[in-house]
Amino acid sequence: MTEITSLVLGPLETNCYFLRDTETGDLVIFDPAWYEPALEQAVQKAGKGAVKGIVLTHCHFDHMMGAAQLKKLTGAPIWLPVQESGFPADPTLTLAYMVPGGLEPFEADGLISEGKPLSFGSLSLRPIHTPGHTIGSHCFLIDDILVAGDTLFCGSVGRTDHPTGNTAMIMQSVRRLAALPGDYRVFPGHGPETTLERERRFNPYLQ
Ligand SMILES: [Zn+2]
């Protein structure tokens, strides 16, 4: 079974998700937003060696301020969207110019692209390229779980007024998600969990 738990980290209250295979204990961490004690404690509790991968839904600072330190702690590889491979070095794209001290540099170990399933230990993820909030934003499907980053929120969609944002693209991306067969539990980058069916019915951007 795959279980997902969240930590709310950092001043922008970003959801950091722990995706775990309950049989093997293998773990993938999405969006290590901020290196706060709660994050380190959760990793120590799971066991550092259990963390098989660190996945960034997109490269805004509020989703990856903890990435460098988390990689040092666990040795796990950092994967980020292929379209955003140049983002971490550019504070105008990550928006890290807003943070005193900026983003601690890190090396990406892998680049995410749609059509290339990701395997981390016993966990496998299917990435879907959902541009609009940023050019490389991706969502991820694992069983009945959809990790949505800042593309789809409960009752809303991500903002598109930052560099590489595009309103027409995010509309296309959320419609594509809505057209997925069946239902999913949706885990957005900020705010509460929802379901794809609830968003199909009530999200004003999908009407
Ligand atoms: Zn963002």
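Miscellaneous remarks
- Residue 159 charged (D, E, K, R), exposed (fewer than 15 other Cβ atoms within 10 Å of the Cβ) and either touching a helix residue (DSSP H, G or I) at 6+ places or on another chain (Cβ under 9 Å) or closer than 20 Å to residue 93 by Cβ (or both): yes
Here is a yes/no grid of residues against (1) more than 19 Å from the chain's Cα centre (by Cα); (2) of a type in the set (Gly, Ala, Ser):
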| site | (1), (2) |
| --- | --- |
| 178 | no, yes |
| 189 | no, yes |
| 193 | no, no |
| 202 | yes, no |
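- Some residue of segment 130-153 being surrounded by fewer than 22 Cβ atoms within 10 Å (Cβ to Cβ) and among the hydroxyl-bearing types (Ser, Thr, Tyr): no
- Residue satisfying all of: in segment 116-129; part of a strand (DSSP E or B) and more than 14 Å from the chain's Cα centre (by Cα); surrounded by the fewest Cβ atoms within 10 Å (Cβ to Cβ) among these: 119
Read-outs throughout are calculated quantities, based only on the coordinates presented, and are distinct from any laboratory measurement. Treat the numbers as computed from the prediction; the structure is a model and nothing was measured. Neighbour counts run over all protein chains shown; Cβ positions are idealised from the backbone, glycine included.
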